[in-house]
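Chemist: My questions all concern the structure below.
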């Protein structure tokens, strides 16, 4: 049996048809994903059953086009138009006319041009320069914020290389956020979102590049297509939760305002930090906080519409719920979950429903603080020491429940002192010997 090579599109069709044949997808769902009618989907399934994967390859794939230029004609043109040939210095249009008139070779100008370029016999005299249309500023402050990061030798060798992350308002050209980080990170963008939201409010939209932190590179799966959803990065999920639109720029010139800001800062900010003797990231952040108001006083302009577009955060907003990365975890039967090699015990009071088997979200803010949420409700938890996690699950469940009832509410989040290395776990004694019968089983 020969080897069959399928393109990405054909592999996707094969996956859909295979899942439909196994009953995982219905005929209507398969037709929807393939973009064909249900009758055509049935025909494709029958062909797949009869011919196998080869049925997905079009019959014309291995056939030469009827209008393909013959090899003898290509060689003759190469000889005539190549070095030492009679037409070695003729332009393409003139050469096309003379080949038809003198050599009786009928060939289209575009085909001749492509053939000469493939053989390296002609080069383009003019390089096209992409022309960009100037875009007017948005009229209101807070309507569009351009965000980006600039890795650069900001300290000129006096300290570590850093990445400056910032945001600039499109309507005014005002710097709203500047902060140095070791690299361009998700924590940097979460900090940017949180500081802008806390100080000014939420903007209508953010304008950014195609960095994978801000835009998921994953392709849509079949399940995504059926649900009508798109893969989203952590930053995209945060913006969706906040109701802020994320707009992707397709070129650096499209977000030219923030790019020009980097060019100005790499000139002015870098040199002023040299004069101030800045050598560390902490000093650079303190200097940037003092530099931004001076930059805005020098370069910012008044908006066309004085009415701002900011959406203020409500008082008491739980910032850790919105401005944090999140990961799902399933709660075990003893109300614990595993997180980064540690065991977290969820404190539940008497009368509250059990969370065993439920999925909770673990939120980590830019400062590394960990929070647990079930829906929008923040859960109280405490990390368990290694000695506690080594105990039998049934015993751990009983002890965790009794500790939750006996411990005061204000001490529920206090971290327990870890047991010394090698210490045996302490087991609470009880008068009910029958409840410890499992200890003596098999002896």
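Chemist: Just a yes or no: is a residue in segment 23-36 out of contact with any helix residue (DSSP H, G or I) (no Cβ under 9 Å at 6 or more places or on another chain) and surrounded by 11 or more Cβ atoms within 10 Å (Cβ to Cβ)?
Modeler: Taking segment 23-36 and keeping what is out of contact with any helix residue (DSSP H, G or I) (no Cβ under 9 Å at 6 or more places or on another chain), we get 23, 35.
From what's left, surrounded by 11 or more Cβ atoms within 10 Å (Cβ to Cβ): none.
No; the residues of segment 23-36 include none that is out of contact with any helix residue (DSSP H, G or I) (no Cβ under 9 Å at 6 or more places or on another chain) and surrounded by 11 or more Cβ atoms within 10 Å (Cβ to Cβ).
Chemist: Still on this structure: Quick check: is even one residue across segment 1-20 in a loop (DSSP other than H, G, I, E, B) and touching a residue at least 12 places away in the same chain (Cβ under 8 Å)?
Modeler: First, the residues of segment 1-20 that are in a loop (DSSP other than H, G, I, E, B): 1-7.
Now restrict to residues that are touching a residue at least 12 places away in the same chain (Cβ under 8 Å): 4, 6.
Yes, segment 1-20 contains at least one residue that is in a loop (DSSP other than H, G, I, E, B) and touching a residue at least 12 places away in the same chain (Cβ under 8 Å).
Chemist: Spot the failing condition for residue 224; the list is (1) touching a residue at least 24 places away in the same chain (Cβ under 8 Å); (2) part of a helix (DSSP H, G or I), and only one is missed.
Modeler: (1)
Chemist: Out of curiosity, is residue 237 part of a helix (DSSP H, G or I) and within 23 Å of residue 186 (Cα to Cα)?
Modeler: Values: part of a helix (DSSP H, G or I): yes; within 23 Å of residue 186 (Cα to Cα): yes.
When the stated conditions are applied, residue 237 passes them.
Chemist: Related question: Kindly indicate whether residue 299 is within 30 Å of residue 172 (Cβ to Cβ) and modelled with pLDDT of 95 or more.
Modeler: Values: within 30 Å of residue 172 (Cβ to Cβ): yes; modelled with pLDDT of 95 or more: no.
Answer is no for this residue.
Chemist: A further question follows. Could you check, for segment 103-125, whether at least one of its residues is surrounded by 10 or more Cβ atoms within 10 Å (Cβ to Cβ), touching a helix residue (DSSP H, G or I) at 6+ places or on another chain (Cβ under 8 Å) and in a strand (DSSP E or B)?
Modeler: no
Chemist: Which residues, taken from segment 152-172, are closer than 17 Å to residue 202 by Cα and in a loop (DSSP other than H, G, I, E, B)? Can you show your working first?
Modeler: We begin by selecting, within segment 152-172, every residue closer than 17 Å to residue 202 by Cα; these are 166-172.
Once the filter is applied, which keeps residues that are closer than 17 Å to residue 202 by Cα and in a loop (DSSP other than H, G, I, E, B), segment 152-172 yields 170, 171, 172.
Chemist: Now for a different question. Specify which of the listed residues (195, 143) is part of a loop (DSSP other than H, G, I, E, B) and at pLDDT 95 or above.
Modeler: Details: 195 fails: part of a loop (DSSP other than H, G, I, E, B).
From the options 195, 143, the qualifying one is 143.
Chemist: Right, next: Can you find a residue in segment 56-67 that is farther than 14 Å from residue 226 by Cα and either part of a helix (DSSP H, G or I) or at pLDDT 90 or above (or both)?
Modeler: If we filter segment 56-67 for residues that are farther than 14 Å from residue 226 by Cα, which is where we start, we get 56-67.
If we keep only those that are either part of a helix (DSSP H, G or I) or at pLDDT 90 or above (or both) as well, we get 56.
Checked against the condition, which is being farther than 14 Å from residue 226 by Cα and either part of a helix (DSSP H, G or I) or at pLDDT 90 or above (or both), segment 56-67 yields at least one hit.
Chemist: Within segment 56-74, track down each residue that is surrounded by 10 or more Cβ atoms within 10 Å (Cβ to Cβ) and more than 28 Å from residue 96 (Cα to Cα).
Modeler: Passing the criteria: 56, 57.
Chemist: Please work out which one of (1) touching a helix residue (DSSP H, G or I) at 6+ places or on another chain (Cβ under 7 Å); (2) over 22 Å from residue 291 (Cβ atoms) is the condition residue 208 fails and give its number.
Modeler: Failed condition: (1).
Chemist: Right, something else. Among what's in segment 249-281 and is exposed (fewer than 14 other Cβ atoms within 10 Å of the Cβ) and under 28 Å from the mean Cα position of the chain (by Cα), pick the residue that is farthest from residue 376 (Cα to Cα).
Modeler: 263
Chemist: Next up: Residue under question is residue 361, and the condition is that it be surrounded by 17 or more Cβ atoms within 10 Å (Cβ to Cβ), in contact with a strand residue (DSSP E or B) (Cβ under 9 Å, 6 or more places away or on another chain), modelled with pLDDT under 90 and not in a loop (DSSP other than H, G, I, E, B); does it hold? Quick ask: steps written out before the conclusion?
Modeler: On the way: surrounded by 17 or more Cβ atoms within 10 Å (Cβ to Cβ): yes; in contact with a strand residue (DSSP E or B) (Cβ under 9 Å, 6 or more places away or on another chain): yes; modelled with pLDDT under 90: no; not in a loop (DSSP other than H, G, I, E, B): yes.
The answer is no for residue 361.
Chemist: Another question, if that's okay. State the number of residues belonging to segment 319-334 that are assigned to a loop (DSSP other than H, G, I, E, B) and touching a strand residue (DSSP E or B) at 6+ places or on another chain (Cβ under 7 Å). Spell out how you get there, then give the answer.
Modeler: Narrowing segment 319-334 to residues assigned to a loop (DSSP other than H, G, I, E, B): 323-324, 331-334.
Going one step further and asking which of them are touching a strand residue (DSSP E or B) at 6+ places or on another chain (Cβ under 7 Å), we end up with 324, 331.
Adding up the residues that qualify gives 2.
Chemist: Can you work out which of the residues in segment 1-14 that are surrounded by 11 or more Cβ atoms within 10 Å (Cβ to Cβ) and out of contact with any helix residue (DSSP H, G or I) (no Cβ under 7 Å at 6 or more places or on another chain) is modelled with the lowest pLDDT?
Modeler: Filtering segment 1-14 down to residues surrounded by 11 or more Cβ atoms within 10 Å (Cβ to Cβ) leaves 4, 6-7, 10-14.
Now restrict to residues that are out of contact with any helix residue (DSSP H, G or I) (no Cβ under 7 Å at 6 or more places or on another chain): 7, 11-12.
Details: 7: 85, 11: 89, 12: 89.
Applying the filter and picking the extreme gives 7.
The values are calculated or read from the model by the stated rules, or taken from the named source; none is laboratory data. Bear in mind that the values here come from a model prediction, so they are computed numbers and not experimental data. Note that each Cβ is placed from the backbone with ideal geometry, even for glycine, and that neighbours are counted across all protein chains shown.
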